[in-house]
Structures are given as structure tokens and as C-alpha cells.
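Quick notes on the structure that follows.
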Amino acid sequence: MHHDLDGSLDKGRSRVSRAERRRIRMSQVKVPGHDLPGTGSTPARSPLPHWNPLSRKGGLPLSTRIPGTFVEPVDSGGHALEPSRLLRFFAERGRDLPWRRADAGPWGVLVSEFMLQQTPVVRVLPVFASWMQRWPRPSDLAADSPGDAVREWGRLGYPRRALRLHAAATSITNEYGDQVPAGVPELQSLPGVGEYTARAVAAFAFGARTPVVDTNVRRVLSRAVRGSDSVREPATRSDRRELEQLLPADPSTAARFSAAVMELGAIVCTAARPVCGQCPIAGRCAWRAAGYPAATPKRAVQTWNGTDRQARGRIMALLRDADRPVPRTAIDLAWPDPAQRLRCIDSLLIDGLAIALPDGGLSLPT
């Protein structure tokens with residue numbers, strides 16, 4: 001479905017004429033440092049400085065912020081996820097995150113997507129900053145050891161992501177000339193990159209029109225469009241098909257729309273305490289209209305204390321904090337249950353997160 005982004009100015013004229021006037025108006029305007037998408041002067045995948053569709057300084061913003069003009073999108077006139085309202089919400093309330101800035105580039109977007117998997121933004125921010133300062137290009141990371149990547153990953157959790165990101169950087173360096181590929185199939189060929197991450201990078205780094213469905217998007221889609229609450233389950237092919245039908249036709253606008261839906265789920269339509277009074281689409285939300293029916297949980301919340309994850313984390317903390325191999329006596333003190341400790345050590349070796357030494361000690365991979 002095509003969504004006209006023209007405003008409600010000059011309401012006495014037809015929608016076609018408004019759109020045509022907007023096309024002509026935008027074709028005559030240049031923003032310093034950025035050619036607006038749709039003018040035919042510069043493709044979205046431009047050379048550095050990178051064009052980022054989510055940047056407040058790049059891409060196609062909600063309102064073309066040029067001195068003396070204000071172009072407001074019209075309502076979608078159909079489904080609950082009104083592009084005009086969501087894009088305005090994102091322009092006014094979207095968080096200024098470093099991977100959304102133009103200088104982050106595709107590599108910064110890819111790094112952020114690896115780090116944000118099952119990890120809150122507040123925990124990712126300091127690690128992302130130090131990571132990008134140390135390894136601003138894929139080749140910089142590839143030149144260092146996998147152990148360096150694991151150590152820099154710190155306490156983000158799920159440290160296999162660090163190994164996979166290091167492997168992805170090596171693949172990008174060797175196979176793509178140190179440039180993150182733009183296509184979903186090429187992105188999915190990288191180690192550790194699944195369908196969600198590939199689509200997220202394609203949309204948020206290159207402005208592709210592709211459905212990006214994470215837990216937040218799935219929740220908004222379920223509540224606002226279907227009228228039912230969402231449980232924490234992975235996105236399905238059906239979710240992606242449904243969202244794709246709701247995307248605006250223009251690729252760069254579709255990318256910002258996807259980010260806006262994700263942001264709405266992250267800061268307003270949250271899982272535990274949705275703030276419906278601040279929601280830009282509350283008037284069309286099917287879940288609200290139905291009286292907020294509760295979802296039926298399909299799986300128990302995972303515990304932490306006493307689990308293998310906690311034991312692995314203790315051992316990994318020893319390895320990260322040490323500047324030399326850790327002796328077995330120190331490892332034995334890290335976790336009291338001998339059987340569980342041995343099981344976790346074996347799993348770390350299998351995952352490639354640790355290397356066994358002849359004396360029984362452990363070290364990070366080299």
C-alpha cells in the first residue's frame with residue numbers, strides 16, 4: 001500500500017496535486033551534506049559519510065526540516081499502525097542512540113544488532129562505545145584475536161556473540177573488501193547473522209524496504225493490529241508478511257517506520273507497563289478497544305541463580321579479567337558444585353570460548 005507523505009496543506013486541492021507539488025518542491029531543495037532520497041541525485045547507499053535512514057541528520061525525516069517549510073504526513077486512513085503518527089513520534093521522541101547516527105555506518109549498525117540481542121540498551125551503550133573506538137572497521141577487529149573480542153565483550157552475556165561477531169568481521173574483511181554487504185542474502189551468509197539481524201542491517205544501515213520484526217515490534221503488531229497481547233516468542237514468517245503489508249512504499253520511509261514501531265514497543269508499548277496515554281496510535285489500537293485482554297504465557301521465565309549460565313559466567317569472568325592463563329585451582333574456586341563446574345567447562349570448550357591447557361588451566365581463545 002502506498003502512503004502519501006504529503007501534508008494537509010491546501011486541503012481544497014486533490015491528493016495527487018499535493019503529492020506532485022511535494023515531489024517538485026523536494027526536487028528543488030538540497031540539504032547540505034545530504035541529497036534527499038527521491039531526488040534522483042544520490043542513491044541511498046552513498047559513500048562515506050554514510051547515509052543512515054535513522055539519523056536525525058540523514059535519510060527522509062518525518063517532516064522535511066528545511067528552514068521555512070513544514071511538510072506533515074497525512075494519516076494512513078486504514079490500519080492501526082498509522083505511518084504519519086508513528087513517524088512523528090519517532091522524530092520527536094526517538095532516542096538518540098549512537099548506532100542511529102550517520103557516522104555509525106553499516107559496521108556500527110551490525111555491531112549494535114549483535115550486542116542488542118537479548119540485552120538492554122543501557123547495558124550495550126558503554127560496550128558499544130569502547131568497541132567502536134577500538135575497532136572502527138571490520139578489518140580492525142579481524143586483525144585481533146577472538147579472545148580479545150570476548151574480553152572486550154565484558155559482561156554483556158551470551159559471549160558466543162563476540163566470537164561470531166569476530167568471525168563475521170573476518171568474513172567481511174576477506175570476502176567483501178572490508179565493507180558490510182547491503183543485501184539480506186549476503187548478510188545472512190555472515191557467521192552469526194540470522195534472518196532478523198540481516199533484515200535489521202539492510203533496513204537501518206541501507207534503507208531497504210524489508211520487514212524487521214523483533215520482540216518489541218511483534219508486541220505492537222499483536223496489540224495494535226490483532227487486538228491480543230503478545231507472549232515472548234520468536235517472530236514468525238507470518239509476522240513478517242503482515243508487517244511487510246503495512247510498510248510505506250518508499251524504502252527510506254519504510255526503514256524509519258520500522259524503527260518507529262520498534263521504538264514504540266521499547267519505550268511506550270512495553271511488555272509489563274504500557275503507557276497507553278502516551279501512545280500516538282492509542283485511538284486505533286485493537287487491544288485497547290478490546291479491553292486489554294491478557295496473554296497466556298507459553299513458557300516459564302528462565303531463572304538465573306544456580307543455573308549453568310551463572311556458573312559459565314563466573315568462569316568466563318575469571319578468564320576475561322586475567323592477563324594470563326587461569327590455573328585450575330582458581331577455576332575450582334569459582335563454582336562449588338564439581339559436577340556442574342566440569343559440565344560448564346566442557347561446554348565452554350565446545351563453544352570455543354575457552355582453551356584447555358596441559359596443566360588443567362584455561363585461557364581465552366587466541
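The values are calculated or read from the model by the stated rules, or taken from the named source; none is laboratory data. Source: prediction; values computed, not measured. Neighbour counts are summed over all protein chains in view; Cβ atoms, including those assigned to glycine, are modelled from backbone coordinates with ideal geometry.
I need a count of the residues in region 228-254 that are under 15 Å from residue 85 (Cα atoms) and of a type in the set (Gly, Ala, Ser).
Step one: of region 228-254, the residues under 15 Å from residue 85 (Cα atoms) are 246-248, 253-254.
With of a type in the set (Gly, Ala, Ser) added as a condition, the list becomes 254.
Looking only at that region, the number is 1.
Could you pull out the residue among 235, 300, 271 that is modelled with pLDDT under 95 and under 24 Å from residue 109 (Cβ atoms)?
Going through 235, 300, 271 in turn, just one is modelled with pLDDT under 95 and under 24 Å from residue 109 (Cβ atoms): 235.
May I ask you to list the residues in region 269-294 that are touching a residue at least 60 places away in the same chain (Cβ under 8 Å) and assigned to a loop (DSSP other than H, G, I, E, B)?
280, 281, 285, 290, 292, 293, 294
Out of the residues in region 345-364 that are touching a residue at least 40 places away in the same chain (Cβ under 8 Å) and more than 18 Å from residue 157 (Cβ to Cβ), state the one that is nearest to the chain's Cα centre (by Cα). First the steps, then the outcome.
Let us first name the residues in region 345-364 that are touching a residue at least 40 places away in the same chain (Cβ under 8 Å), namely 351-353, 362-364.
Within this subset, residues satisfying the condition of being more than 18 Å from residue 157 (Cβ to Cβ) are 362-363.
Working: 362: 34, 363: 32 Å.
So the residue we want is 363.
Check whether at least one residue in region 124-134 is of a type in the set (Gly, Ala, Ser), over 17 Å from the mean Cα position of the chain (by Cα) and either surrounded by fewer than 19 Cβ atoms within 10 Å (Cβ to Cβ) or farther than 30 Å from residue 275 by Cβ (or both), and report yes or no.
yes
Does residue 229 meet the test of being acidic (Asp, Glu), within 22 Å of residue 110 (Cβ to Cβ) and touching a helix residue (DSSP H, G or I) at 6+ places or on another chain (Cβ under 7 Å)?
Considered against the rule, which asks whether it is acidic (Asp, Glu), within 22 Å of residue 110 (Cβ to Cβ) and touching a helix residue (DSSP H, G or I) at 6+ places or on another chain (Cβ under 7 Å), residue 229 comes out as no.
Filter region 225-260 down to the residues that are closer than 19 Å to residue 292 by Cα and among the hydrophobic types (A, V, I, L, M, F, W, C), then identify the one that is nearest to the chain's Cα centre (by Cα).
The qualifying residue nearest to the chain's Cα centre (by Cα) is 231.
Residue-by-condition table, conditions (1) farther than 27 Å from residue 344 by Cβ; (2) among the polar types (S, T, N, Q); (3) surrounded by 20 or more Cβ atoms within 10 Å (Cβ to Cβ):
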| position | (1), (2), (3) |
| --- | --- |
| 117 | no, yes, no |
| 136 | yes, no, no |
| 155 | no, no, no |
| 166 | no, no, yes |
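Has region 180-201 got any residue that is among the aliphatic types (A, V, I, L, M) and closer than 21 Å to residue 86 by Cα? If you could, list the steps in order and put the result at the bottom.
Keep residues of region 180-201 that are among the aliphatic types (A, V, I, L, M), which gives 180, 182, 184, 187, 190, 193, 198, 200-201.
Still in the list and also closer than 21 Å to residue 86 by Cα: 200-201.
The answer is yes, given that some residue of region 180-201 is among the aliphatic types (A, V, I, L, M) and closer than 21 Å to residue 86 by Cα.
Please determine whether any residue of region 316-339 is surrounded by 13 or more Cβ atoms within 10 Å (Cβ to Cβ) and touching an Asp or Glu at 6+ places or on another chain (Cβ under 6 Å).
No - not one qualifying residue is present in region 316-339.
If residue 195 passes every condition in (1) surrounded by fewer than 19 Cβ atoms within 10 Å (Cβ to Cβ); (2) in contact with a Pro (Cβ under 9 Å, 6 or more places away or on another chain) but one, which one does it miss?
Of (1) surrounded by fewer than 19 Cβ atoms within 10 Å (Cβ to Cβ); (2) in contact with a Pro (Cβ under 9 Å, 6 or more places away or on another chain), only one is false for residue 195: (2).
Which helices (runs of 4 or more DSSP H) sit wholly inside region 133-195 and have at least 1 residues that are within 24 Å of residue 355 (Cβ to Cβ) and hydroxyl-bearing (Ser, Thr, Tyr)?
160-175
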